[in-house]
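Written below as structure tokens is the structure these notes are about.
The values are calculated or read from the model by the stated rules, or taken from the named source; none is laboratory data. Since the structure is predicted, the reported quantities are computational estimates derived from the model, not experimental observations. For neighbour counting, all protein chains shown are included, and Cβ atoms are generated from backbone atoms with ideal geometry for every residue, glycine included.
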Amino acid sequence: MSNLAVLPIVIPLIASVISAFIPKKLGLSRFIAKLFAIIFLVYAGYLAWVVFTDGIIVMQASGWAAPFGISIVADYLSVTLVLITSILTTAAVFYAPSSLSQLQESYYFYTFMFLMISGVVGAFLTGDLFNLFVFFEVLLMASYGLIVLGGGKVQLRESLKYVLFNVFSSMLFVTTIGFIYASVGTVNMAHLAERIQEAEQAGILTGLAVLLFFVFAIKAAIFPLYYWLPNSYIVPNPVVSALFGALLTKVGIYSILRVFTLIFNHDIGITHEIFTWLAIFTMLFGVIGALSTQNVKLIVTYNIIPAIGFILMGISLYSSAGIEGSVYYLVHDMIIKAALFFLVGALVVAAGTDDLRKMGGLITRYPVLGWLFFIGSLVLAGVPPFSGFIGKILLLRGSLEQEEILLTVAALITSLLILYSMIRIFVRGFWGDTVEGLPEGQNKKVRHLTIPAAVLLAISIFIGIGAEFIYPHVETIANMLLDRAEYINAVLRE
Amino acid sequence: MIYAVFAPLLFAIVIPFLSRMKHKIHTGWLILPVPLLVFIYFVSFVGSGFESQVSSYSWIPSLDISLSFHLDGLSLLFALLISGIGSLVVLYSIYYLDREERLGHFYTYLYIFMTAMLGVVLSDNVFALYAFWEFTSLSSFLLIGYWHFKERSRYGAIKSLLITVSGGFSLLAGLISLTVVTGTTSIREMVGQADVILESSFFPLILIFLLLGAFTKSAQFPFHIWLPDAMEAPTPVSAYLHSATMVKAGIYLMARFSAIFGGEPSFFMLLSLFGIITLVCGSYMAVRQTDLKAILAYSTISQLGMIMAMLGFGTDIAIFAAVFHILNHATFKGSLFMIAGIVDHETGTRDIRKLGGLMTFMPMSATLALFGTFSMAGVPMPFLNGFYSKEMFFDASLQLSGYAGTFVEVLAAVLPYLAVIGSIFTFVYSMYLFFGTFRGKYKEEQLPVKPHEAPFMMLLSPIILVVGVIVIGLFPSLFNNGLLTHAADAVFGAEVTKEISFWHGFIPPLYMSLAVVALGTVLYLTKTSWEKVYTIIPGNFSFNRIYDWGVNQLEAASNRITFTYMNGSLRLYMILLLASVTTITGTVLFISDGINFEVSDVAPVTVHEVLIAIVMAIAAVATIFVTNRIAAILVVGVVGYGLAILFVLYSAPDLALTQLIVETVTVALFLLCFYHLPNLTKRTESIAHRGMNALISVGFGALMLVISISAYNSQFFSTISDYFTENAYKLGGGDNIVNVILVDFRGMDTLFEVSVLFGAGLAIYSLIRLRKNKGAK
Amino acid sequence: MEILMAILASILFATAIYNLLQKQFLRIIIGTVLLSHAAHLFLLTMGKLKRGNPPVLVEGVTNYADPLPQALILTSIVISFGVTSFLLVLAYRTYTLNKSDNMDELRGSSDE
């Protein structure tokens, strides 16, 4: 039974290894990729169903009881995120062939992609801090492989910066684990949680908590640590950008959500106050970035940052409405970000440029793409009844409950500017007179690129309109995060 | 009721398919029955025995979000306007919009709007209300941008979206605050807890949030600027959304929440003040316009201000007048917009300076316009409904007492004068509108098309509305008992009885009306001589300029801000990152009292270890200064091999071994790369540059030192390592504990460590090969 | 001794960062190498030094150094090795493509 928990990590890993052996047989690679993506999807769905019906599943790797071995914990939050990851993987596998050149595809795209998925899923599932580091490295190494894929001049240049930033944060992570081990004597997250609850004069722990926060904050692209993100996310192929935007920063914010609900909540007065301010700045500076450019890819990329700010906002509130809001927003944002990156990919193909100033009137030729983009913008800005809305009312409610007026106003202004930054693309790119010199003969390709995005958008809309099906699960997740006993007991007492 | 609300939306989905047949039959005909049936449905509720009713459908019960529709007098009035004017607008649009236009788009947006607007006025659940509210803004955006190839349309669309959606978000905050305070999402239940809301510390905030929502939507000063630009929409849309319905959503909201806020001095003050300012400014600015639709747009702004002010007055007569005027305004303004559209359609221009003398060519339109404009002006005639509500407005403005406070009293005292001033300008532009278009000199040479009367069917909708104007004027009681009193009751929260009659005797409101007519006539006749005043007030100043400046700045400033730090320099990024981490972590460590230098439980210091440490430190520092490749390898090697020796000394033979191997391979790789990369150069940075680097690195090093020592000295718990020592052989079957941990206890780590290497290998391979392939091409 | 090692590791950290702030690729890569050394030394130090024999079970010895940090370091060393190798190749390729090994010349502009 408990081995159920580890399969989501293993399935992509197997897919990764298999596709490493057949890089040149593109047809077969694609088939294998689609097959495994669907197996992964079905399995992730099954796992989520099992966990939500029967409770948390813990696999103690190699059978060593926690805290001595490594615990793989399929709890409500992680299985939900694994499920979303599997959905995105499937969409990406269907999007990739039309988006990548055959050469890029044959240079281990699928291998790296599945390796990254494996790392992402591992990071969601692991219950061990050092193991989390290892999974971070797995997903980063794979992301290095993906970001240099096709390797143009600009691409390598930005990749280098991306790699250097991540090397720094990884080494800081290892060091911080060392400090934590010195002080608390364990690296198992449930065990850490239990011990830190008992610790007295925990001043140093607060310091360590903040240091660990920064490690994750670099990955999550929180103000003032996101500098590496915008330019490095626009250089790779859109399918890679989509996976990065939807998954990598989310692993960072997931880690913050996990660690600062489960382990470090002994001094909320300090840590979560810092989060509040950083959330405000992350939201505002992120969206200011999105307004600063006319590059459509960059606009969407910058919009990753305020979303992270919203999630951090909920964590900083540390109330049930806040955490529920964060979880809802996290789920929503993973899907909509992937969808928007897919759409932008299609837009760039359709327009033949990523410069908004050179676009115009695309709606005449690509009405479906245009309207999907319009809806996507609304979803992103949190317009009801789409998915962003539910997360937003939960967050605003949490924020107003604690009379955090500044935070509330910042969130509202951010939402407005997000909408503006996106609607600009719609108005300037799709409306108006059709510009001359549109690339011809791209209709079929654009259609292929649009379909996966449309499916993701449909899911996104369902998450909003069908909130009644989603919200109770989010409530379960938030309850588990706020009342840590269930998680700790599942890991340590079985 | 849910069917009535959602019927237009359901049809909106099939409209794109229906529009494929537009060459056989105009799409408008196919869908006209929808609003008509909805209208008939709501008419069936009208009557003196009307009782409010609720029908509820669950949507997201766990979040207390439901589609619960509450039909009371106020909602009924609005629902009738939405569906009634909606039907007329669809009918009108059939002749206004050519079949070559994108009819599918037009009607889809229009019907989405219809559902959204019905939802706004019927929803009892605040979140559903908000959802519908945003959809009215969005459909308005799409309709204004309908002719999206026109620059002005795009500009107007974005402007309206930004202003109304920002108000929408503010409304959302207000509504959520209300739910936080009252614990319910139902407006009716909130009304029941009015005292809780008024006493809560949130009250001022809630009021501001809601007012911002209402003022932006209903184009109140200074948010009115989007409405004139919204006139880029096709005229049926202007008549429908931007005069009769959507812009009244803010009015509806305030009316709805009057039951809670009514009687609060702050509510009275803000609503009356902004309402009356909007009335005066709107009517003043309307006189200056030259575009027929622009005149009507400013006129709408001012009329909305008047209604808003009356809601602010909050007395029973004021509220009745407000409700009455909502109905009246919809009739005369709707008809005027349609006439303006007809004039535009038949003459090819809307510029009033080019128009004139059209009476002879378009007698029917002129007659209709006559009724519309005179009703709008409030000319005292028993068959003009505008006069009745205007007089009630004057009456209400004179009966403001019961509010204490100096400012409030002053405001109450000046309100009647402002009301008269606003009405005088209303009179002026109404006359200007009518006489300027239909009388005066006919300027044939300036018209693109030779004017002629519109077809009867196109005139039908304005005719119906003008008939409404007259019927309401002649038989106000027809509407009074069955509809208006119910609406006023719903707003006021108690029974409002009001007889509408033409003649009240010689009372002050009558004098005010007469003064308006007299002064208005004088001003109209002398218009050319005082028009220069507009170059002084407002002159070059306008809120449009502020808006334009703001939007431009938004992008320009964002660009400036972002590119001051996002300049692509790795060094700058690193410095910002490290500086933030160092200062924040350091501060936290300090204030949480986490620094702990009470050294305890340390191993003794020995000389040879100290020596190794010193050598390593020197080598590390030397990496900064070397300018020679070989020297660089040497010093890096010293640090690496030094570390290996430390591993040996500190009982970590496996580590030492691995470190040796890895260090050797790394050095080899370095050699390889050094061969290809250019030699190290002398560092040429400025002193400040170096100082900054040194400060950042030393600062971060110091932080790490402080944290490490503090963490080391704060060992709260024993480590879990004993378990491994005890069980490595027993359970793990190996002597080498580290190995057992690696392959067994923490086998997971090792497995994925291998996959990192696997990834690294492939990445390196493809990095090299892909390039070669490209080179071969 | 732990304090001394902590100081050494901090110095390694500081020099690593100083190198990371340089322009030339080589110096930056040297920075990352130093960074991993510093991290590993910290990790080892935090597990207490010289508390017994190497963690290889020997009859009659009960006093062993903490094996867990050693296992973690071992994992980390291997990973760092992989990353450093990749970084070297990437730096090399970036250099050959961009014809510059100066980070300041590789800022890029917003127009690309």
Check your understanding: Scanning for something more than 8 Å from chain C (Cβ to nearest Cβ), among the polar types (S, T, N, Q) and assigned to a helix (DSSP H, G or I), does the range B:723-736 turn up at least one residue?
Key -> yes
**Study point:** Complete set of residues in the range A:128-153 that are more than 7 Å from every other protein chain (Cβ to nearest Cβ), farther than 20 Å from A:G245 by Cβ and in a helix (DSSP H, G or I)
**Key:** A:L129, A:L132, A:F133
Check your understanding: Restricting to the range A:37-47, what's the tally of residues that are buried (at least 22 other Cβ atoms within 10 Å of the Cβ) and either over 21 Å from the mean Cα position of the chain (by Cα) or under 18 Å from A:S71 (Cα atoms) (or both)?
Key -> 1
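Scan the helices (runs of 4 or more DSSP H) fully inside the range B:502-620 and keep the ones with 3 or more residues being more than 8 Å from every other protein chain (Cβ to nearest Cβ), of a type outside the set (D, E, K, R) and within 41 Å of the chain's Cα centre (by Cα). Outline the logic, then answer.
On the way: elements: B:508-525, B:527-530, B:533-536, B:543-565, B:570-591.
Those helices (runs of 4 or more DSSP H) span B:508-525, B:533-536, B:543-565, B:570-591.
Out of A:L317, A:L347, which single residue is buried (at least 24 other Cβ atoms within 10 Å of the Cβ), within 14 Å of chain B (Cβ to nearest Cβ), in contact (Cβ under 8 Å) with a residue 12 or more places away in the chain and over 17 Å from A:Y420 (Cα atoms)? Give the steps one after another, and end with the answer.
On the way: A:L347 fails: within 14 Å of chain B (Cβ to nearest Cβ).
Only one candidate passes the filter, namely A:L317.
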**Study point:** Yes/no for A:A190 being touching a strand residue (DSSP E or B) at 6+ places or on another chain (Cβ under 8 Å), at pLDDT 90 or above and away from every other protein chain (no Cβ under 12 Å)
**Key:** yes
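If I filter the range C:49-61 for residues that are within 12 Å of chain A (Cβ to nearest Cβ), under 21 Å from the mean Cα position of the chain (by Cα) and over 21 Å from A:F136 (Cβ atoms), do I get at least one hit?
yes
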Study note, to complete from the structure: Apart from one, (1) surrounded by fewer than 22 Cβ atoms within 10 Å (Cβ to Cβ); (2) within 29 Å of B:L227 (Cα to Cα); (3) not hydrophobic (A, V, I, L, M, F, W, C) all hold for B:S186; the odd one out is (2)
Check your understanding: Within the range A:245-279, how many residues turn out to be in a helix (DSSP H, G or I) and farther than 30 Å from A:F114 by Cα?
Key -> 12
Check your understanding: Somewhere in the range B:618-629, is a residue among the aromatic types (F, W, Y), in the same structural domain as B:T681 (by TED's automatic domain parsing), within 20 Å of C:A39 (Cβ to Cβ) and surrounded by fewer than 21 Cβ atoms within 10 Å (Cβ to Cβ)?
Key -> no
Study note, to complete from the structure: The condition of being at the interface with chain C (Cβ under 7 Å from one of its Cβ atoms), small (G, A, S) and outside any loop (DSSP other than H, G, I, E, B) holds, among B:S651, B:S708, only for B:S708
Review point. Can you find even one residue in the range C:15-34 that is in contact (Cβ under 8 Å) with a residue 24 or more places away in the chain, among the small types (G, A, S) and under 22 Å from A:K161 (Cβ atoms)?
Key: no
Point to revise | Criterion (in a helix (DSSP H, G or I), away from every other protein chain (no Cβ under 14 Å) and either within 17 Å of the chain's Cα centre (by Cα) or polar (S, T, N, Q) (or both)) met by exactly one of B:F257, B:F215, B:F209 | key: B:F215
Exercise for review: Could you grab me the full set of residues in the range A:176-210 that are over 24 Å from B:D749 (Cα atoms), part of a helix (DSSP H, G or I) and charged (D, E, K, R)?
Suggested key: A:E198
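Inspect all residues belonging to the range A:284-306 and state whether any of them is under 24 Å from A:I177 (Cβ atoms) and part of a helix (DSSP H, G or I). Before the answer, list the steps.
First, pick out the residues of the range A:284-306 that are under 24 Å from A:I177 (Cβ atoms): none.
No, the range A:284-306 contains no residue that is under 24 Å from A:I177 (Cβ atoms) and part of a helix (DSSP H, G or I).
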Practice item. Identify, from the list B:M381, B:M359, the residue that is modelled with pLDDT under 85, over 25 Å from B:Y534 (Cβ atoms) and in contact with a Lys or Arg (Cβ under 7 Å, 6 or more places away or on another chain). Key: B:M359
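Looking at the range B:683-705 only, could you name the residues that are hydroxyl-bearing (S, T, Y) and either assigned to a helix (DSSP H, G or I) or not assigned by TED's automatic domain parsing to the domain that holds B:S580 (or both)?
Let us first name the residues in the range B:683-705 that are hydroxyl-bearing (S, T, Y), namely B:684, B:686, B:697.
B:S697 - this is the single residue of the range B:683-705 that is hydroxyl-bearing (S, T, Y) and either assigned to a helix (DSSP H, G or I) or not assigned by TED's automatic domain parsing to the domain that holds B:S580 (or both).
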**Study point:** Subset of the range B:129-150 (residues that are among the charged types (D, E, K, R) and at the interface with chain A (Cβ under 8 Å from one of its Cβ atoms))
**Key:** B:E134
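Quickly run through the range A:466-485 and pick out the residues that are touching a residue at least 24 places away in the same chain (Cβ under 8 Å), farther than 19 Å from A:I315 by Cα and surrounded by fewer than 18 Cβ atoms within 10 Å (Cβ to Cβ). Steps first, answer last, please.
Quick first cut of the range A:466-485, residues touching a residue at least 24 places away in the same chain (Cβ under 8 Å) only: A:467, A:470-471, A:473-482, A:484.
Keeping just the survivors that are farther than 19 Å from A:I315 by Cα gives A:467, A:470.
Scanning the range A:466-485 gives no hits.
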Review point. Here is a list of conditions, (1) closer than 24 Å to A:S255 by Cα; (2) surrounded by fewer than 18 Cβ atoms within 10 Å (Cβ to Cβ), and A:T434 meets all of them except one; can you say which number that is?
Key: (1)
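Out of A:L312, A:L284, I need the residue that is more than 13 Å from chain B (Cβ to nearest Cβ) and either crowded, with 24+ Cβ neighbours inside 10 Å or over 16 Å from the mean Cα position of the chain (by Cα) (or both). Which one?
Values: A:L284 fails: more than 13 Å from chain B (Cβ to nearest Cβ).
Residue meeting the stated conditions: A:L312.
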Review point. Which residues, counting only those in the range B:705-720, are of a type in the set (V, I, T) and farther than 9 Å from B:F597 by Cα?
Key: B:I707, B:T719, B:I720
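Just to check your reading of the model, which residue among A:S98, A:S118 is among the polar types (S, T, N, Q), modelled with pLDDT under 90 and under 24 Å from the mean Cα position of the chain (by Cα)?
Details: A:S118 fails: modelled with pLDDT under 90.
Going through A:S98, A:S118 in turn, just one is among the polar types (S, T, N, Q), modelled with pLDDT under 90 and under 24 Å from the mean Cα position of the chain (by Cα): A:S98.
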Check your understanding: In the range C:33-58, which residues are modelled with pLDDT of 90 or more and farther than 20 Å from A:F130 by Cβ?
Key -> C:V33, C:L34
Review point. List, please: which pairs have Cβ atoms under 6 Å, are six or more places apart or on different chains, and start with a residue in the range C:78-102 that is under 17 Å from A:F165 (Cβ atoms) and facing another protein chain (nearest Cβ under 7 Å) and end with one that is part of a helix (DSSP H, G or I) and acidic (D, E)?
Key: C:I79/A:E137; C:I79/B:E753
